[in-house]
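Trainee: Handing you this structure, nothing more for now.
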Amino acid sequence: MTCMGVSQTSIVELRIVLQTSCGDTQRSQLHDQIKSFKSKTPLLEEKKQTLLYKNLQLESKKQALSTELERLNEKLSQRSEAQVECKIHQVERYHGVLVRHMGLMKQQMQGLMKRIDKTKLQMTSLAQIMSEIRQNQTRQMTQQD
């Protein structure tokens, strides 16, 4: 029951008591109480209206804060998405640079492998020449003896 309901019930009960068995003193006291309740009713109504108004204000503020929170969350997610896009772009750039460098390194390694093969051939031919020189020297020594 609301405050309003309590007041109305009390007033009705007081009237019933008044109409039944009461002395003049009691009737005047009860009549004063009825007047007091009636005078308090507008105050209660005013307080009720004030509370309703404050409730509406709070609901409005709650809605505004909720909207602001959603906007900020969206803004944060947009920043995150933008940062992710930026990082993806950086990774793609670095990947391109790495691919180019790896291509250059592969070319350099192929060049080095060719040089190594040439050097091996030269060493093999030098080894053959040295072998022939030794054979010639041993022949010459054997012929001189």
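The values are calculated or read from the model by the stated rules, or taken from the named source; none is laboratory data. Just so we're clear, the structure is a prediction, and the values are computed from it rather than from any experiment. Cβ coordinates were reconstructed from backbone atoms using ideal geometry, including for glycine residues, and neighbour counts include every protein chain displayed.
Trainee: Being in contact with a Leu (Cβ under 9 Å, 6 or more places away or on another chain), assigned to a helix (DSSP H, G or I) and at pLDDT below 90: is that true of Q83 here?
Mentor: no
Trainee: Condition first: within 30 Å of T9 (Cβ to Cβ) and either at pLDDT 95 or above or in contact with a Ser or Thr (Cβ under 6 Å, 6 or more places away or on another chain) (or both). Can you find one or more residues in region 92-115 that meet it?
Mentor: As a first pass, look at region 92-115 and keep what is within 30 Å of T9 (Cβ to Cβ): none.
Checking region 92-115: not a single residue is within 30 Å of T9 (Cβ to Cβ) and either at pLDDT 95 or above or in contact with a Ser or Thr (Cβ under 6 Å, 6 or more places away or on another chain) (or both).
Trainee: Closer than 30 Å to V12 by Cβ, free of Cβ contacts under 8 Å to residues at least 24 places away in the same chain and not basic (K, R): does that describe S60? Write out each step before concluding.
Mentor: Details: closer than 30 Å to V12 by Cβ: no; free of Cβ contacts under 8 Å to residues at least 24 places away in the same chain: yes; not basic (K, R): yes.
Spelling it out, it is not the case that S60 is closer than 30 Å to V12 by Cβ, free of Cβ contacts under 8 Å to residues at least 24 places away in the same chain and not basic (K, R).
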